[in-house]
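Derivation of every value follows stated rules applied to the coordinates shown; laboratory data play no part. Worth saying up front: this structure is predicted, and the values here are computed from it rather than measured. In this analysis, Cβ positions are derived from the backbone assuming ideal geometry, glycine residues included, and neighbour counts consider all displayed protein chains.
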Amino acid sequence: MGVNGAGKSTLIKLFAGQEPLTAGEFKLGHNVEPDYFAQDQYKELDQEARILDDLGELAPASTQTQLRSLLGCFLFSGDDVFKRIGVLSGGERNRYALLKMLLHPANFLLLDEPTNHLDLRAKDVLLEALMKYTGTVVFVSHDRYFIDNLATRVFEIGDGKVEIYPGNYEDYLWRKQGGAAELQAQSAKTAGVLPPPTNGDQPPAAESAEPKSKRLNPIKRKQMEDRLHEVEKEIARAEAAIARCETQLQSFVSAEETQCQSQELARQKTDLQGLMKDWEELSGTLETTG
């Protein structure tokens, strides 16, 4: 975490060996194999190569079915796998670059804004993949939802130093807003009113300073509300894409084109179903927690 210009990307580049040290030193641990994903990582891709062929060069022992399955995990399905990298959108190229990186035998991933240009569904795919990753991940991100679900420690960079906070983004905000000091004061106050134990009896347990309630933490609630708004925007985009596909199917061009359009329509409808499910879950949680 840190304001623009604080040195977040510079720190990642130092770890990756992309930036020279101006002072001091750092050493990687034993058997650490780093891999670096830059904000413009897509520029390193071969623009003329087809996705399936390019991935096959990275994983020559994999069958076509295995490669297509991997690509499917990152939302490349049907004829999309035969596209040339140069015609992909920014989000598609980022998705593919992330997939290639995750196939490398690295145990220390350095990611600089990995969710840039990714839509909501693609972010969830990446998040799920990184949550299953068994190595260490250091990442820079402005995406609060992504940080909150992935981070286990937050490094705050500013004024030429790094402060480390345990927990995720919500925990970081709680500490920055004085939550730890307040909890400590409450604990001390509660401990001060407990009667001393007598005749070997155990002291009565202190009642929680937090009242039992189904209400969400305000920070968590705000995150869920923001997420709900994002899902609503994605639903609108998916519905518009479905309408376009249905309109295109009314005009016959060729059998091949009709097949492609039908596959795209099916994919958009599947995405819409997933988004509607997300919307229902978020809406239900926000409604039942007041």
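Hey, can you tell me all the residues within the stretch 45-104 that are touching a strand residue (DSSP E or B) at 6+ places or on another chain (Cβ under 6 Å) and either of a type in the set (G, A, S) or in a helix (DSSP H, G or I) (or both)?
If the condition is that a residue be touching a strand residue (DSSP E or B) at 6+ places or on another chain (Cβ under 6 Å) and either of a type in the set (G, A, S) or in a helix (DSSP H, G or I) (or both), then F82, M101 are the ones that fit.
Filter the stretch 117-140 down to residues that are in a loop (DSSP other than H, G, I, E, B) and in contact with a Gly (Cβ under 8 Å, 6 or more places away or on another chain) and give me whichever is surrounded by the fewest Cβ atoms within 10 Å (Cβ to Cβ).
Across the stretch 117-140, the extreme among qualifying residues is H117.
Residues checked against (1) farther than 27 Å from N168 by Cβ; (2) among the hydrophobic types (A, V, I, L, M, F, W, C); (3) touching a Leu at 6+ places or on another chain (Cβ under 9 Å); (4) part of a helix (DSSP H, G or I):
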residue	(1), (2), (3), (4)
E246	yes, no, yes, yes
C260	yes, yes, no, yes
E264	yes, no, no, yes
T270	yes, no, no, yes
G274	no, no, no, yes
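Restricting to the stretch 23-74, what's the tally of residues that are among the hydrophobic types (A, V, I, L, M, F, W, C), over 26 Å from D271 (Cβ atoms) and without any contact (Cβ under 8 Å) to a residue 24 or more places away in the chain?
The number of residues fulfilling the criteria is 3.
How many residues are surrounded by fewer than 16 Cβ atoms within 10 Å (Cβ to Cβ) and touching a Lys or Arg at 6+ places or on another chain (Cβ under 6 Å) if we restrict to the stretch 95-116?
0
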